[in-house]
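> Right, I'll just put the structure down here and ask away after.
The values are calculated or read from the model by the stated rules, or taken from the named source; none is laboratory data. Because the structure is a prediction, the values reported are computed rather than measured. With ideal geometry, Cβ positions are generated from the backbone for all residues, glycine too; neighbour counts draw on all protein chains shown.
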C-alpha cells in the first residue's frame, strides 16, 4: 500500500513537473516583454498629456495580404497656417517588436496635414496615429488591421 | 550610393500646395531577422529623412524598423519660389544620401 502510494505521488510529481516545463516554454521571450505597450508608447510621445479622438483620419486597409508593405495615410484637419498647424504626427503599433513606427515633423509650409508611407506589420493588430497641433493639443485615430502574411519573422535561407 | 526617386511637379503657381513623393532603395534591415547561419542580421535602417525648400526644412521624418524596405513617403508643401527642393536620408551609420529636384514657380 505504502509503496503504491509513493509510486502514485511520484507519477503525479512528474506530471506537475512536465506542466511547469510547458509553462516556461509558453512564456514569451524577454524581447517581447521589454516592449512598451501601445498606451505607454503614446504617453511617451505626448508627455502624459490627454489625447482626444477626432481631427485625425488614419487610413489603412482593414485586411492586408503582405505585412511587409502596408500603405498608411494619415490626414489631419488643420488650416496649416503659422498660428494653427500640425507640428508632429506619430504612428504606433500594438504588436510589432517595437512600438514606434515613425514620427513626422510638419509645419505651416507643409501646406496640408496629410502624409502617406509604407510600414511593416508583424501580425494582426491595432495601429494608432497621434497628431500634435501647434496649440499643444493631441488628437488621435486608431485602426484595426488583419495581416495574412506577417513581416519581420521570415528567415533568409 | 543608394538609388533615390523623387517626384516633384515641374511648375506651380505661387501659394499652390504641391504633392511630393520620395523614396530611397534601402533594405531597412530590422535587426530581428535571422541569417542562414542562425545569427541575427545586424540592424541597418534609414533613421532620418528631411526635405528642404527655399532655405527651410518643410518636412522631416524619423523612421523606426517598422518602416518598410525602400522607405517611401508622400507629403506636400506650399510653392513659394523657383528653386531646388533637397532631400536628405541619414542611416544608422550617419551616412547621408541626397537628392534634389527643380521647380519653376510663377
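> Among B:29, B:56, which is at pLDDT below 95 and in contact with a helix residue (DSSP H, G or I) (Cβ under 7 Å, 6 or more places away or on another chain)?
B:56
> For region A:88-157, give me every one of the strands (runs of 3 or more DSSP E) that falls completely inside it and has 1 or more residues that are more than 7 Å from chain B (Cβ to nearest Cβ) and under 29 Å from residue B:15 (Cβ atoms).
Of the strands (runs of 3 or more DSSP E) lying wholly inside region A:88-157, those with at least 1 residues that are more than 7 Å from chain B (Cβ to nearest Cβ) and under 29 Å from residue B:15 (Cβ atoms) span A:125-133, A:138-149.
> Would you pick out the residues in region B:66-106 that are out of contact with any strand residue (DSSP E or B) (no Cβ under 8 Å at 6 or more places or on another chain) and exposed (fewer than 15 other Cβ atoms within 10 Å of the Cβ)?
B:94, B:95
> Something else about it: Please find, among B:24, B:18, the residue that is crowded, with 18+ Cβ neighbours inside 10 Å, modelled with pLDDT of 95 or more and more than 9 Å from every other protein chain (Cβ to nearest Cβ).
B:24
> Going through A:51, A:86, A:74 one at a time, which residue ends up being surrounded by 22 or more Cβ atoms within 10 Å (Cβ to Cβ), over 30 Å from residue B:29 (Cβ atoms), more than 15 Å from the chain's Cα centre (by Cα) and in the same structural domain as residue A:140 (by TED's automatic domain parsing)?
Result of the check over A:51, A:86, A:74: A:86.
> Any residue at all in region B:58-73 that's touching a residue at least 24 places away in the same chain (Cβ under 8 Å), within 26 Å of residue B:104 (Cβ to Cβ) and within 9 Å of the chain's Cα centre (by Cα)?
yes
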